[in-house]
Amino acid sequence: MQNTVHILVLVSGNGSNLQALINAGQRGELGVGRIAATLTDRADIYALERARLANIPALVEPPNMTLPIAQRRQDLSDRILQFCRERNIGLIVLAGFLSILAGDIIREYTGRIINLHPSLLPKFGGVGMYGERVHQAVIDAGEPESGCTVHLVDAGTDTGPILLQRRVPVLAGDTAAALAERIHHEEYIAIVEGTALMVVQIAANTA
Ligand code: GAR
């Protein structure tokens, strides 16, 4: 019998990818993976309601805005790391999390943090590239296709090794919202596949 892999899902908004993970877990698609908690960097987001409805503990850890940016990232990352240690978290999933992780958590959880990004990385990634901004940039660049990427998190922003990608066409007359919607459907598959893959790997390493 393999050990349970406790998953922490980090979110900053609507949480539709968190919902895809919750649904997949209920269908048994995460194997020995269990969503142990959700953590967000802002209050008043719908993702918290999704966690509440699914009986998943949800924590709000806002960044300390009095700190300069580098220290602010470090401080939030250290609080998340502390939580992960206390709760024996085996896998961290960034599912629409807009703060950037830094410092010890990246080292201690190397190969055990994944991020979902709404483009075909390495295109249209990096600091400031999130949500509809990404889709508008793809349209402005005249790209024929876009998609989503699940990748391992390293010390850079959107730079870690790619686990999987799913592609969609960019259609004539697309708006950022229309493209986002098309990509969302692929994200729900990608985030579940990526998480399930990591659960298998982490469970094997800790058996
Ligand atoms: C998703 O499209 C995700 O790829 C994106 O935020 C959205 C969250 O939606 N992430 C980024 O842009 C990270 N750079 P959700 O809250 O409905 O899951």
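Does residue 125 count as at positive phi and within 13 Å of the ligand (Cβ to nearest atom)?
The answer is no for residue 125.
Yes/no per residue for (1) farther than 20 Å from residue 19 by Cα; (2) surrounded by 18 or more Cβ atoms within 10 Å (Cβ to Cβ); (3) at pLDDT below 95:
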residue	(1), (2), (3)
135	yes, yes, no
151	no, yes, no
161	yes, no, no
170	yes, yes, no
178	yes, no, no
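Among the residues of the stretch 64-76 satisfying the criterion of being away from the ligand (no atom under 16 Å from the Cβ) and in contact (Cβ under 8 Å) with a residue 12 or more places away in the chain, which is nearest to residue 201 (Cα to Cα)?
Within the stretch 64-76, the subset away from the ligand (no atom under 16 Å from the Cβ) is 64-72, 74-75.
Subset that is in contact (Cβ under 8 Å) with a residue 12 or more places away in the chain: 64, 70, 74-75.
Details: 64: 35, 70: 32, 74: 28, 75: 29 Å.
If we take residues in the stretch 64-76 being away from the ligand (no atom under 16 Å from the Cβ) and in contact (Cβ under 8 Å) with a residue 12 or more places away in the chain, then 74 is nearest to residue 201 (Cα to Cα).
State whether one or more residues within the stretch 19-28 are assigned to a strand (DSSP E or B), under 19 Å from residue 194 (Cβ atoms), free of Cβ contacts under 8 Å to residues at least 60 places away in the same chain and within 16 Å of the ligand (Cβ to nearest atom).
no
Take the residues in the stretch 29-63 that are within 13 Å of the ligand (Cβ to nearest atom) and aliphatic (A, V, I, L, M), then tell me which one is surrounded by the fewest Cβ atoms within 10 Å (Cβ to Cβ).
The first filter runs over the stretch 29-63 and keeps only residues within 13 Å of the ligand (Cβ to nearest atom), leaving 38, 40-42, 45-51.
Checking the rest, the ones that are also aliphatic (A, V, I, L, M) come to 45, 47-48, 51.
Working: 45: 18, 47: 26, 48: 20, 51: 24.
Checking each candidate, the answer is 45.
Filter the stretch 1-18 down to the residues that are within 15 Å of the ligand (Cβ to nearest atom) and of a type in the set (Ser, Thr, Tyr), then identify the one that is farthest from residue 40 (Cα to Cα).
Per the criteria, the residue is 16.
Just the residues that are in contact (Cβ under 8 Å) with a residue 12 or more places away in the chain and within 24 Å of residue 11 (Cβ to Cβ), please, taken from the stretch 168-184. Spell out how you get there, then give the answer.
Start the filter on the stretch 168-184 by keeping residues that are in contact (Cβ under 8 Å) with a residue 12 or more places away in the chain, which leaves 168-170, 174-177, 179-180, 182-184.
Those that are in contact (Cβ under 8 Å) with a residue 12 or more places away in the chain and within 24 Å of residue 11 (Cβ to Cβ): 168, 176, 177, 179, 180, 182, 183, 184.
With the structure loaded, tell me whether residue 180 is over 15 Å from the mean Cα position of the chain (by Cα), away from the ligand (no atom under 11 Å from the Cβ) and of a type in the set (A, V, I, L, M) or whether it fails that test.
Numbers: over 15 Å from the mean Cα position of the chain (by Cα): yes; away from the ligand (no atom under 11 Å from the Cβ): no; of a type in the set (A, V, I, L, M): yes.
Criteria not met by residue 180.
Considering (1) under 12 Å from residue 11 (Cβ atoms); (2) in contact with a Lys or Arg (Cβ under 9 Å, 6 or more places away or on another chain); (3) polar (S, T, N, Q), say which one residue 40 fails and leave the rest.
Checking residue 40 against (1) under 12 Å from residue 11 (Cβ atoms); (2) in contact with a Lys or Arg (Cβ under 9 Å, 6 or more places away or on another chain); (3) polar (S, T, N, Q), the one that fails is (2).
For the condition aliphatic (A, V, I, L, M), in contact (Cβ under 8 Å) with a residue 24 or more places away in the chain and out of contact with any His (no Cβ under 9 Å at 6 or more places or on another chain), what is the one hit in 114, 92? Walk me through it before giving the result.
Values: 114 fails: out of contact with any His (no Cβ under 9 Å at 6 or more places or on another chain).
Residue meeting the stated conditions: 92.
If the requirement is being within 13 Å of the ligand (Cβ to nearest atom) and surrounded by fewer than 15 Cβ atoms within 10 Å (Cβ to Cβ), which of these qualifies: 156, 142? Before you say what the answer is, go through the steps one by one.
Numbers: 142 fails: within 13 Å of the ligand (Cβ to nearest atom).
Of the residues listed, the single one that is within 13 Å of the ligand (Cβ to nearest atom) and surrounded by fewer than 15 Cβ atoms within 10 Å (Cβ to Cβ) is 156.
The values are calculated or read from the model by the stated rules, or taken from the named source; none is laboratory data. Everything quoted here is computed from the prediction, not taken from an experiment. Counting neighbours? That spans all protein chains shown, and the Cβs are built from the backbone with ideal geometry, glycine included.
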